[in-house]
Amino acid sequence: MKLIKLTGFILSRKPFGEFDRTLAVFSHEYGLVRIMAKGIRKIKSVRSFHTDLINHVRMEIEQSGNGERCANYLREVSTLENHTIMKQSPKLFSSACLIAAFLLRTLPHDSPQKEIFELTEKTFKALNRKEEPEIKEILQNYFLKTIKQMGYMPNKVPRDQMREMLWKTLRDLDPQLTLQARLTLGIFSNFESTSSN
């Protein structure tokens, strides 16, 4: 048994059994990790509020087992930032959920991604402002920088080709995610979702 501490964002939370949840957390220290939160769905649980989607949290995790059989169990959790402003706006919250879906589908497990984590943190802060942010611009910049960081696009792309190349790369990585971005947020709406290279 080993205790570790981490800070990260709750990207997903799914029911498991009657009282438990499995959490996907993008952490600064370990990258994308899966965590079992036992008893968190009980009415008397004081930890449930802290595990809302997109919350920035601090956690203490108990690891048991080794290698592929290693399992993470939540012991303690506290909220660093719950992004209240962002969650009150359907468009802003949809934007954050789009980022979460993208990270869940593209990040490797248990592999630190500190540059992407810092970029995600900065982007969530930009979306959590009282004044209405430029959502399309924020998301396009986020996806562009993240895709480059992951190595799916070259670092130097002609400015006039950047947006189209980003869209094509995202479409090849995950067509459903790209369609969701077009339909819900209007991102890349002037491109055909079914066109080929």
Open item on the list: What pairs come out if I take residues in region 4-19 that are touching a residue at least 12 places away in the same chain (Cβ under 8 Å) and open to solvent by 20 Å² or more (accessible area, probe 1.4 Å) and pair them with residues that are among the hydroxyl-bearing types (S, T, Y) and assigned to a strand (DSSP E or B) whose C-beta lies under 7 Å away, six or more apart or interchain?
Closed with: T7/S27; F16/T22
Task: All positions within region 74-99 that are crowded, with 20+ Cβ neighbours inside 10 Å and within 14 Å of K130 (Cα to Cα) - done: H83, M86, L92
Task: Filter result (assigned to a helix (DSSP H, G or I), modelled with pLDDT under 80 and surrounded by fewer than 14 Cβ atoms within 10 Å (Cβ to Cβ)) within region 150-197 - done: L183
- [ ] Answer with yes or no whether F117 is out of contact with any Gly (no Cβ under 8 Å at 6 or more places or on another chain) and of a type outside the set (G, A, S).
- [x] no
Open item on the list: Any residue at all in region 45-62 that's farther than 18 Å from F117 by Cα, out of contact with any helix residue (DSSP H, G or I) (no Cβ under 8 Å at 6 or more places or on another chain), touching a residue at least 12 places away in the same chain (Cβ under 8 Å) and exposed (fewer than 13 other Cβ atoms within 10 Å of the Cβ)?
Closed with: yes
Open item on the list: Criterion first (part of a strand (DSSP E or B), touching a residue at least 40 places away in the same chain (Cβ under 8 Å) and at negative phi) does L74 satisfy it?
Closed with: yes
- [ ] Considering only region 11-44, state which residues are part of a strand (DSSP E or B) and farther than 16 Å from H109 by Cβ.
- [x] R13, P15, F16, D20, R21, A37
TODO: Give the number of residues within region 56-88 that are acidic (D, E) and under 19 Å from R21 (Cβ atoms).
DONE: 3
Open item on the list: Being more than 17 Å from the chain's Cα centre (by Cα), without any contact (Cβ under 8 Å) to a residue 60 or more places away in the chain and part of a helix (DSSP H, G or I): is that true of I99 here?
Closed with: no
- [ ] Tell me which of these P112 doesn't satisfy, since it passes every other one: (1) in a loop (DSSP other than H, G, I, E, B); (2) in contact with a strand residue (DSSP E or B) (Cβ under 6 Å, 6 or more places away or on another chain); (3) crowded, with 17+ Cβ neighbours inside 10 Å; (4) not hydrophobic (A, V, I, L, M, F, W, C).
- [x] (3)
Task: Restricting region 119-134 to residues that are under 19 Å from N55 (Cα atoms) and over 12 Å from the mean Cα position of the chain (by Cα), the residue that is least open to solvent (accessible area, probe 1.4 Å) - done: L127
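The values are calculated or read from the model by the stated rules, or taken from the named source; none is laboratory data. Note that the structure is a prediction, hence the values are computed from the model and not measured. Neighbour counts run over all protein chains shown; Cβ positions are idealised from the backbone, glycine included. Quick note on the areas: whole protein, heavy atoms, side chains included, nothing else; ligands and nucleic acids left out. Shrake-Rupley method; radii C 1.70, N 1.55, O 1.52, S 1.80 Å.
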